[in-house]
Amino acid sequence: KVSPLQTLRFCDVSNNNIEMDVSDLLKNIPPNMEQFFVSNNSIKGKLPASLNNLPKLRQFDMSSNTLSGSLPDFTESFVTLEELDLSKQKNGLTGSIPDNIW
């Protein structure tokens, strides 16, 4: 039996005052997710180096949260990614944008 969430492809939980660590959040996203929006919450921590569990993700918006650390080079994990928004982090991300992301 397939869980109903396993077929979820779109999720927008922006502006909900969600407080949790980014790694806990990301490991619980269903693998068929194509669009995931979680902007303007209180998601904290460092982005993981790989997001291989999200092979179909096309749009990813985690703007206006509390992410920190450097921006990982997860371009191999995000082969289908078309839009990425990590802007307006309260703590700020560090480092440079990897050249191969363009």
**Asked** If we count every other residue with Cβ under 12 angstrom of Leu84's Cβ, Lys/Arg +1 and Asp/Glu -1, where does the sum land?
**Response** -3
**Request:** Take peptides 42-48, 5-11 and line them up by average Cβ neighbours within 10 Å, highest first, as a rough protection proxy.
**Result:** 42-48, 5-11
**Request:** Show that you can apply the helix-only estimate: for the chain, add -39,500 (n - 2.57) for every DSSP H stretch of four or more residues, divide by all residues, and state [θ] at 222 nm to the nearest 500.
**Result:** -1000 deg cm²/dmol
**Prompt:** For the chain, what % of the accessible area comes from carbon and sulfur atoms, probe 1.4 Å?
**Reply:** 49
**Item:** Point-to-point label distance, Glu34-Lys88, nm (Cα→Cβ direction, 7 Å offset)
**Value:** 2.6
**Asked** Excluding Lys56 itself, what net charge comes from residues whose Cβ is under 9 Å from its Cβ, given Lys and Arg +1 and Asp and Glu -1?
**Response** +1
**Prompt:** Over the Cα atoms of segment 1-59, what Rg and Dmax result, in angstrom?
**Reply:** 11.6, 34
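The values are calculated or read from the model by the stated rules, or taken from the named source; none is laboratory data. Computed from a predicted model, the values in this text were never measured in an experiment. Methodologically, a virtual Cβ is constructed for each residue, glycine included, from the backbone with ideal geometry; neighbour enumeration extends over all protein chains shown. The accessibility values were calculated without ligands, DNA or RNA, using every heavy atom of the protein model including side chains. Shrake-Rupley method; radii C 1.70, N 1.55, O 1.52, S 1.80 Å.
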